[in-house]
Amino acid sequence: MNTSRIAGWAKGSNEAKCLKLVLVGDTAVGKSCLITNYLENSFTDEYEPTVLDVFKGIKEVKKKQINMEIHDTSGDEHLGVNRKIQYKDADCFMICVASNQPTSLGNVSRWINEIQEVEPYVPIALILTKSDILEMADEDDENSVSMEKITKAKEDSGLTVAAKTSSKEWEDFNVHKAFNKTLTAAYIFKYEA
């Protein structure tokens with residue numbers, strides 16, 4: 001059987017290549033909006049707290065069709081046990097930090113520690129969300145998180161990727177670029193390292 005013609009199978013491989021991505025971060029930082037934007041190219045202002053959502057489908061990574069699993073987790077501290085179950089066998093993580101929520105940047109080390117308790121070696125990206133709000137704020141405002149702060153936190157923590165996103169103003173495909181950087185790092189780590 002020629003598997004290169006079956007949707008979801010990587011060309012030239014006898015088995016499907018797959019990646020599992022888990023998004024984490026404080027409550028209301030925009031994790032669900034990022035996923036919706038990435039999968040559907042849309043945005044909504046409506047907020048509905050997430051306990052757990054799992055999205056499955058096929059996406060292109062490094063010019064290969066990859067079976068994807070994207071896990072949207074809750075930032076609620078009381079759901080930590082449930083969240084850690086989702087971490088098992090993840091190939092990469094996105095820690096989301098909202099530009100209008102400085103406490104979310106302060107909690108990055110907590111998220112890293114929680115992730116590395118279960119998956120100590122996989123790539124982790126640090127993603128600035130809601131960057132459209134930054135344009136209305138003063139860059140030096142202590143109540144906002146700038147990309148410079150994200151880059152510094154990424155470097156200080158030894159994370160793999162840093163990216164700036166806005167699910168609301170996404171015409172430049174910034175959300176897609178952030179996912180692509182993260183998923184490419186995971187693909188290289190899993191299949192080429």
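Things worth noting here:
- The conditions of being modelled with pLDDT of 90 or more, over 25 Å from residue 36 (Cβ atoms) and loosely packed, with under 13 Cβ neighbours inside 10 Å are met by residue 158.
- If you go through segment 177-193 and pick out every residue that is more than 11 Å from residue 61 (Cα to Cα) and assigned to a helix (DSSP H, G or I), you end up with 6.
- Residue list for segment 80-138, restricted to those being in a helix (DSSP H, G or I), open to solvent by 50 Å² or more (accessible area, probe 1.4 Å), touching a helix residue (DSSP H, G or I) at 6+ places or on another chain (Cβ under 8 Å) and of a type in the set (S, T, N, Q): 109
- For the residues 73, 44, 27, the requirement of being on the phi < 0 side of the Ramachandran plot, more than 17 Å from the chain's Cα centre (by Cα) and either open to solvent by 20 Å² or more (accessible area, probe 1.4 Å) or modelled with pLDDT under 95 (or both) singles out 44.
- Within segment 99-122, residues that are without any contact (Cβ under 8 Å) to a residue 40 or more places away in the chain reach partners that are assigned to a loop (DSSP other than H, G, I, E, B) and open to solvent by less than 70 Å² (accessible area, probe 1.4 Å) with beta carbons closer than 7 Å, at six or more positions or on different chains, in the pairs 119/90.
- Where residue 143 falls short, out of the listed (1) touching a strand residue (DSSP E or B) at 6+ places or on another chain (Cβ under 7 Å); (2) open to solvent by 20 Å² or more (accessible area, probe 1.4 Å); (3) not acidic (Asp, Glu): (1)
- Residues (more than 16 Å from residue 23 (Cβ to Cβ) and in contact (Cβ under 8 Å) with a residue 40 or more places away in the chain) located in segment 150-169: 153, 157, 168
- Of all residues in segment 163-184, those satisfying the criterion of being within 12 Å of the chain's Cα centre (by Cα), crowded, with 20+ Cβ neighbours inside 10 Å and either over 13 Å from residue 126 (Cα atoms) or of a type in the set (A, V, I, L, M, F, W, C) (or both) are 163, 175, 178, 179, 183.
- Segment 55-71, residues that are closer than 25 Å to residue 101 by Cα and either among the aliphatic types (A, V, I, L, M) or in contact with a Phe, Trp or Tyr (Cβ under 7 Å, 6 or more places away or on another chain) (or both): 70
- Top-ranked residue in segment 54-70 [being without any contact (Cβ under 8 Å) to a residue 40 or more places away in the chain and open to solvent by 40 Å² or more (accessible area, probe 1.4 Å); ranked as farthest from residue 16 (Cα to Cα)]: 54
- Scanning segment 139-153 turns up at least one residue that is closer than 28 Å to residue 69 by Cβ, under 18 Å from the mean Cα position of the chain (by Cα) and either acidic (Asp, Glu) or part of a helix (DSSP H, G or I) (or both).
The values are calculated or read from the model by the stated rules, or taken from the named source; none is laboratory data. Please read all numbers here as calculations on a predicted model, not as lab measurements. Counting neighbours? That spans all protein chains shown, and the Cβs are built from the backbone with ideal geometry, glycine included. Please note that ligands, DNA and RNA were not included when accessible areas were found on the heavy atoms of the full protein model with its side chains. Shrake-Rupley method; radii C 1.70, N 1.55, O 1.52, S 1.80 Å.
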